[in-house]
Amino acid sequence: RKRVAIVISGGGSNMAALLAAMAAPDYPAACVLVAANRPEAGGLAKARAAGAPTVLVDHRDHADRERFERALSAEIEAAGAELVCLAGFMRLLTPWFTARWRDRLLNIHPALLPSYRGLDTHARALADGVAIHGCTVHLVRDATDTGPILGQAASPVLAGDDAARLAARVLALEHRLYPAALAAYAAGRLRAVGERVEGQPIALWGG
Ligand code: GAR
């Protein structure tokens, strides 16, 4: 089983979905660390309750982004992680961290990339009147919310949706997509070849 560190900033519902999937004996990855950059991250208590080792690396204790990332990376390495899953991690990363973990760093983003990189994805999709929205799991490159796509899950936008309703529907899809994409990558069914992924990316549909 691939040893995985999960890095969070908030409530950690994606982290919880990954931990739940990892509880299955045949899942190809296991969690060796949950790291948070904010003491308020609600996911820390959820991780402890699930029996996962946790660490707080508070970005405010570090003079700049790279020093924070070096401290975070040291914790991840000390835990013996081979892969890192960002799960609601809300700090921009420097090229130092993305190079250090190149092709070993996954992220989940609440939009169908390459559309709607960045923040407020659901409100922006609604404002554009798109008919289909969703989420993406990808390998992380320097530019925020770019990199080879491991999987996507899509949902119709429904009449009467506001950003909160749409976010909830997409979040439920995130909880299915991330465990499936991590499993495919950890098991070697998907491989990074430069800026492409070799193999069949995960494709999910839900309403
Ligand atoms: C999720 O929707 C995730 O896709 C998004 O934050 C939420 C975290 O929820 N991530 C980003 O926006 C990354 N820039 P969670 O803490 O309950 O998993």
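What the table below lists for this structure:
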| quantity | calculated |
| --- | --- |
| Those residues of the stretch 101-131 which are surrounded by fewer than 18 Cβ atoms within 10 Å (Cβ to Cβ), more than 15 Å from the ligand (Cβ to nearest atom), assigned to a loop (DSSP other than H, G, I, E, B) and not basic (K, R), in sequence order | D103, G129, V130, A131 |
| When residues of the stretch 13-25 are limited to those that are assigned to a loop (DSSP other than H, G, I, E, B) and over 18 Å from L83 (Cα atoms), the one nearest to the chain's Cα centre (by Cα) | A24 |
| Any hit, the stretch 86-100, residues being away from the ligand (no atom under 11 Å from the Cβ), surrounded by 22 or more Cβ atoms within 10 Å (Cβ to Cβ), not hydroxyl-bearing (S, T, Y) and not in a helix (DSSP H, G or I) | no |
| In the stretch 49-62, residue surrounded by the fewest Cβ atoms within 10 Å (Cβ to Cβ) [restricted to those that are of a type in the set (A, V, I, L, M, F, W, C) and outside any helix (DSSP H, G or I)] | L56 |
| Qualifying residue in the stretch 147-168 (condition: within 14 Å of the ligand (Cβ to nearest atom) and assigned to a loop (DSSP other than H, G, I, E, B)) | yes |
| Filter pass, V140 being within 15 Å of the chain's Cα centre (by Cα) and either closer than 26 Å to E82 by Cβ or at pLDDT 95 or above (or both) | yes |
| Per-region count, the stretch 63-79, residues over 16 Å from L105 (Cβ atoms) and either of a type outside the set (K, R) or surrounded by 15 or more Cβ atoms within 10 Å (Cβ to Cβ) (or both) | 4 |
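The values are calculated or read from the model by the stated rules, or taken from the named source; none is laboratory data. Quantities reported herein were computed from a predicted structural model and do not represent experimental measurements. Positions of Cβ are generated from backbone atoms using ideal geometry, with glycine treated the same way; all protein chains shown enter the neighbour counts.
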